[in-house]
1. Looking at the structure I just gave you, is THR30 within 30 Å of ILE140 (Cα to Cα) and either outside any loop (DSSP other than H, G, I, E, B) or in contact with a strand residue (DSSP E or B) (Cβ under 9 Å, 6 or more places away or on another chain) (or both)?
2. Scanning region 113-147 for residues that are among the polar types (S, T, N, Q) and part of a helix (DSSP H, G or I), which turns out nearest to LYS84 (Cα to Cα)?
3. Looking at region 39-55, which of its residues are more than 12 Å from the chain's Cα centre (by Cα) and closer than 14 Å to ASN89 by Cα?
4. Tell me, which residue of region 60-80 that is outside any loop (DSSP other than H, G, I, E, B) and touching a residue at least 24 places away in the same chain (Cβ under 8 Å) is farthest from ALA32 (Cα to Cα)?
5. Criterion first (free of Cβ contacts under 8 Å to residues at least 12 places away in the same chain and not assigned by TED's automatic domain parsing to the domain that holds THR30) does PHE126 satisfy it?
6. Can you tell me which residue within region 81-112, out of those that are surrounded by 14 or more Cβ atoms within 10 Å (Cβ to Cβ) and assigned to a helix (DSSP H, G or I), is farthest from the chain's Cα centre (by Cα)?
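The values are calculated or read from the model by the stated rules, or taken from the named source; none is laboratory data. None of the values given here were measured: they were computed from a predicted structure. Here the Cβ positions follow ideal geometry from the backbone for every residue, glycine too, while neighbour counts run over all protein chains shown.
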Amino acid sequence: MQQEKAFVQPRVLGGDTRTEKDFVNHIEQTVATDEDGEWLFTLDQLNTHKSESLVKYVAKQINDKQELGKKGKEGILKNMTTRKEYLENKEHRIRFIYTPKHTSWLNLIECFFSGLSKRVLKRGNFKNQVDLKQKILAYIEYRLYKR
């Protein structure tokens, strides 16, 4: 039986900052909802998204016992490029995809889903899946033709 896949809305809990620690906490909280599941995160190239602590967290979660090296010196932890390569590894059950630098399309998508969440999903009272689908499609039509 194929496992159902789901999309999780980004939500960083715990404050107004965007530190490395905040981001790793967000990933920890998200993965904790299905600790044995496969996770694929799509991110921009922000340095906190390729941090030493994120690599260490992923290595621990996937039970990777290899030596990670030392930040700024050697191995996987050496620099952001080596950390990014590790975090993108398709063999890992927790992995990351990074959007190209200087792209803005993801911001548009984030805005769309944020609006959908705020205006339809959070306020919604849905009788069934058909009702939910109709309301989502109505929102999409509204977004496409409002001007």
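1. Spelling it out, THR30 is indeed within 30 Å of ILE140 (Cα to Cα) and either outside any loop (DSSP other than H, G, I, E, B) or in contact with a strand residue (DSSP E or B) (Cβ under 9 Å, 6 or more places away or on another chain) (or both).
2. That would be SER114.
3. LYS50, LEU54, VAL55, listed by residue number.
4. Applying the first criterion (outside any loop (DSSP other than H, G, I, E, B)) to region 60-80 yields 60-61, 70, 74, 80.
Keeping just the survivors that are touching a residue at least 24 places away in the same chain (Cβ under 8 Å) gives 61, 80.
Working: GLN61: 10, MET80: 25 Å.
Here the residue is MET80.
5. Taking the combined requirement at face value, the residue satisfies it.
6. THR82
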